[in-house]
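Data first, discussion second: the structure below is written as structure tokens.
The values are calculated or read from the model by the stated rules, or taken from the named source; none is laboratory data. Keep in mind the model is a prediction, meaning the values are calculated, not measured. FYI the Cβ positions are ideal-geometry reconstructions off the backbone, even for glycines, and counts take in every protein chain you see. Just the protein is used for accessible areas: all its heavy atoms, side chains included, with ligands, DNA and RNA removed. Shrake-Rupley method; radii C 1.70, N 1.55, O 1.52, S 1.80 Å.
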Amino acid sequence: MLFYDSQQPELELEEAKQDEQPEPEPEPYSNGAQIAAQLCNQGHRSTLILQTQQGGSICLLCFSNLISNPLSPTLHVSYALSQLSQAFSQPHFLHSLLSSHSHLLISPLVKALSSFDDEPIATQLVNLILNLSTSGHASVSADFVARLSDRLASGALAWSRRQLHCLGVLLNCETNNLYGYIKDKYGLVSNLVAGLQLPSEEIRGEILFVLYKVSILQYASEDGDGNDVLLACCPKLLHLVVDALLKSQVDDVRLNCLALLTVLAQRGFFANVNANETSSIIPYEADNNFVQALEDGKDGPPLNIAFAEAIKGPLLSSDGQVQLSTLNLLFHYLSSEGASRQQTQVLVEENIADYVFEILRLSECKDPVVNSCIQVLDLLSTAEQAFKQRLLVGFATLIPVVCYVAEVPLHPVQSQTLKLIWNYVSDCPGMLSTSQIEELVLALTRMLKKHTEGKMGMLPETFIMVCSVFVDLMKFSSSHETLHLARSVQEASKCAVLACLDISEKHHGQLLHSLYLLKEAYLYGHKENFTESCKMEIRNCVVDICTTHLLPWVVTAVNEMEEEIILGVLETFHSLLLQDSDIQAMELAKTLVSSSWFSFSFGCLGLYPTEKMKFRVYLMLSSLVDVLLGNDSGQPIRDAAIYLPSDPVDLLFLLGQKSSHNLELSSCQSAILLILYISSLYDERLADEKLVLASVEQYLLVNGSDLQSGGTDSLAVMQVVNLYGLYRGLANISYQIPYSLKAEMILFQLLTEDEWDLPSAIVHSVSLKWLFQQEKISKQLSYQVLKFCRSNSSNGTDIIVHGRNNRVLNAQAIAELVAAGDSYGAVILVCLLTQLAKDEGQEHDIISVVNLMETIINIFPVASDQLCLHGIGNAIYTLYYDSSYAFSPAILTATSVLIFNILSLVQPEILSDDDWVAVTMKLMDFFNPSEAADSKICAANFKGPALVDHDEGTSIGEILIFLLLLNYFSLRSLPTVLPGFVDLQKFFDPPNGTQPLSFIGIHCHDLCRLMHFGSPLVKLVASYSLLELLIRLSDQLEMKCTMGYLMSVIAVLEGLIFYSDLRVAMNCGLCLSIILGWEKLDMQETTMIEKKSWCRLIVEELAMSLAAPCLASKSFINHRKPAIHVAVALLKLQKIPEWMRSVFDDTCISCIIENLAASNLSTEIVFLFRELLNSEFLKTEQIVNLNRVLQACRKHMYADNTQDDQADEDMKKTATHPDDLGEVCEYLIHLMSSESSLDMDSKGLHCGNKRLLEEIDLFFRTLTLEDDG
């Protein structure tokens, strides 16, 4: 294309042409058409004419003349610009232009920016300049910047807004830093600053952007001289920019203001200006223009006040970017180097914090806004008093923010948010509601839990703030009203401590704050608003954290820790021990001493020999002693803490010094004795055993006179006794250690002359044993044992014996001494009882000593041997026959139990026959067991039908059952132990028969009443007793009883044949069969039995259940065995009842045999058929069929080789807990049932396979005898 040149070229264009180099002819286009070199209409040479891809051409000189002329029609100018822009998209055209004429268009384009007041043309020009700058060499853009900056730097203000905009666009390019091409930098900045006073908001916006870019590029450029070009314009620049920000209503202009102010704030301009401004400035009025005031020579408002007013508008902007930029400006304004507290104070007083809280409230917890707001609020919070009032209003806004940032790992404002919360919680106590506390506590607990589980990282400062906030929240009274907060406290405390155990060496502060939280949690468990169970749960949790996690960790890693951490742990444990009234404090104390805490404490003193560590260690040991012993027992350690050395060897050295005239040394020795005493109780050795024993002996030698004169309290004496006895005892156990006889003599004199109290002392088991091995003080030990017996019988106190297991035992220590046999324990007890027996008025003491012996035997049964070896029989003999207590019921009762236990446990060869026979006879004279038994039986029978309610769960039922068991086993053992001693006929009839006083027996009619009216268990045991009695009576040659008495017994037995308990029914059936089998029954009595319909009913039911099982009741099928024994007994009578043949007729017997098979054949059925065979009830055909069934059954049993199923039932069973009466009763009944079964085997009671085979053999033998006959 060709442009008509209407004017002569300008001078600037001519200069540009001179700079151009000759351009070679353009390459032909791809279509091969040759375009001849031609001139434009104005005659410009061809080198200035560039061909386009469409076949046209552009004369660059004509184009330049066109756009440089302000009078050129805008339509032509716009068209030319558009055509050139389109040609830029053609690579060949662009290449030709940039390679030969890259600077030709620079001057016309720059001039054109101010020549046309047309916005579309300006836009085209700027785009064209930008394309040319970015497409060409860096010199092109540099030339543009240089020309534009020169125009703008001219003092005539011969520039337009579009030139400003174009310069800003060029400077904003990220490809090159063009700051160095600005020639007059100070002139440019000065002129631009002056331009800020122009009324056009658009121009101010462009100026602000250019100033912002100049400031940014200046610091990034290497061509700078080190001076800030903007600094020369301060403070005017700041005031003008702040005023522009205050007046602007356009968000784009505001953004430029904010960007420039942010850069200026970062470089400390605000701090410098605020520091230089004086307080004499006239107060600012909102309607005044402070720039005008400056021009008039008047003082304007202070910059900090103007700044506070200016940023309020942007903070309220609906544009989120404007708000974020404003917050960013605030952050840099407050955090820049040199920023004063006054700047912050002014912003808070001007309500800027309220604006930020409102932005935060509307932010919906979006990260950019949250981050900026929290950062600004954190800086504003340094104006403490002024900010506190704003925080009161805006605190509710922070709670959802806390909940949000708590869920984001390593959120950038976690720490600042928590700090704001902490400021409010600590400065405004009582202002939080319960719901707010709950929300905060739950959020913090989740943070700690996730951090502990490794799901969320946490900065050290954040962790510290979490602990601090949690502690202050626990102090709010409103936090004591909800139980789930207490659970959160437990969880948070545990998580905080566990999270620090692995990182403590890197961040000491975290562990110390977690320990602080743990201590406060323990105190939180003492708040009155909680229930006792809730408070106990909190304290238990804290103690569990200390004992389960903190204690093992610190003991294991103590050598790798800093002193500060050790002190923090010790302080935590100490704070818990100070609550010595708590159960948890005792639990912690016991755990500490069981973990060798004394050794650990002195190990800490060795690692950190500082006064601070020493004082903490000794104070904690004193509190530990307070908890373990009570009554401020650790006071001696507290009194001497400042004087005590850190090395245990030095402690032993001080102990061996004479202290009669040295109060400080005496105080130290009391503390040292206490430390050694307590540590020894828990088997801790702070020094070599030889050194400790030598030190204690030296203490006795040099201070013995003071001890004997009463200059030392009894507690110190017992401590010395325990220490001396312990190390002397250890020497006997392991190896011999040389000891001082003189020191031992002084110790024995102390025990002989002084009033000491062993029962109230705490003694090591080894020390106690050594004392009881010393014959020289046996008399004193006897008195101490008596004191123990008295106190034990009055209030149940025990000698507290500490050893490896730290146990508190009820007479356990004395029992061990007696059972071991290597001390004078048994001798002391026996001699004490003998001496008391010879004295008058000692009944209470005798009983208490006897009770102690009984307890000892219950603990260690072998102790009975030791007591017998040392004359307990003689002592009891003296008590019975040579004292005034021979007829004391209380003493006889107490000693009878002891005697029974001894005789049941002692080795027979140890007993002395003379003494024990006399003692036994004395007891037999005192007790009358038969009368007691009769009274209990009469009382039970007197209840009649109500007796069924007195089962084993009642006292009457329990006594009755054990009395029946005693009667049964007496009947079982009597024929073997004392044959012929008792006439059992007296227990059958008449009922008023007498019995020996030494034998416990129950009459037959009483047993029948108990079977009839008693509970199920009473029925069972009574039936076994009656069966045993009838078996023993059957062995006698002659029976004496009335028929009426006998018929009443039979009536009871018949009624229980169908009882639900098969064992009771079986026993009754056996009893009835025994009575029916007595030869005393003559023909008349047999006739009476024959007429009894009950026996016939039993037999008929039996026959029906065997012949037609489907017609019989299921309950009776289970009672075949008792009925079979009754039927067999009737078949054995001399005169079989006639109705028996009608019941067991041919049809019935045949049906029974048809129902028999190898699988259902039992011993009792074979027994019945054997008796039917003897009574000639069976026909030949029936015998043949029965024979076939029995043969098949025997073959089947031999083939299967089946074991006796009764064997499992007869397995041995024992009572594992003799004190459990229920278990004992169960065992005796089991023993009674198994013994009865074994004993009755010959009479047909054994139901096993072996017995079945035997019964089949007996049947075949009987059949053979009949055939032979």
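Structure values in brief
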read-out	value
Alpha carbon centroid spacing (whole Å) that separates segment 711-787 from segment 818-860	21 Å
Distance (nanometres) between label positions extended 7 Å along Cα→Cβ at Ser200 and Asn858	11.2 nm
Diffusion coefficient, µm² s⁻¹, Stokes-Einstein with Kirkwood Rh over alpha-carbon pairs of segment 492-647 at 37 °C and 0.692 mPa s	207 µm²/s
Segment 639-693: chymotrypsin sites (Phe, Trp or Tyr not before Pro) falling in loop per DSSP and having at most 16 other Cβ within 10 Å	Tyr643
Percent of Cα-Cα distances greater than 12 Å, calculated over segment 714-758	64 percent
Amide N proximity, segment 1132-1167 versus Ser1034 label position 7 Å along Cα-to-Cβ, cut-off under 15 Å	1132-1133
Extended-chain gain in nm, criterion 0.36 nm per residue less alpha-carbon gap, Lys366 and Tyr783	141.8 nm
Net +/- balance of residues flanking Gln345 in space, Cβ distance below 13 Å, scoring K and R +1, D and E -1	0
Segment 50-116: chymotrypsin sites (Phe, Trp or Tyr not before Pro) in DSSP loop, at most 12 other beta carbons within 10 Å	none
Nearest-0.05 FRET efficiency for Thr434 and Lys247, computed from C-beta distance (R0 51 Å)	0.60
Distance from segment 872-916 to segment 84-115 (C-alpha centre basis), Å	134 Å
Estimated FRET transfer efficiency (Ser78, Gln321; beta-carbon r; R0 30 Å; 0.05)	0.35
Farthest positive-ward along segment 688-773 dipole, Cα basis, beta-carbon charges - from Leu747, Val717, His764	His764
Those residues of segment 828-842 whose amide nitrogen sits under 15 Å from the label point placed on Ala890, 7 Å along Cα→Cβ	837, 840-842
Cα-projected label distance for Glu1138 with Lys658, points at 7 Å along beta-carbon direction, nm	12.2 nm
Rounded Å value of the spacing that divides the Cα centres of segment 1048-1079 and segment 514-554	69 Å
Segments 624-634, 139-149 sorted - mean Cβ within 10 Å per residue, highest first	139-149, 624-634
Förster-model FRET efficiency, 22 Å R0, Val558 and Met586, C-beta, rounded to 0.05	0.35
Segment 688-773, accessible surface, carbon-and-sulfur percent (1.4 angstrom probe)	53 percent
Residues listed by number, segment 648-667, amide nitrogen under 11 Å from Ser740 label point at 7 Å toward C-beta	656-658
Per residue solvent-accessible surface (Å²) - segment 688-773, probe of 1.4 Å	40 Å²
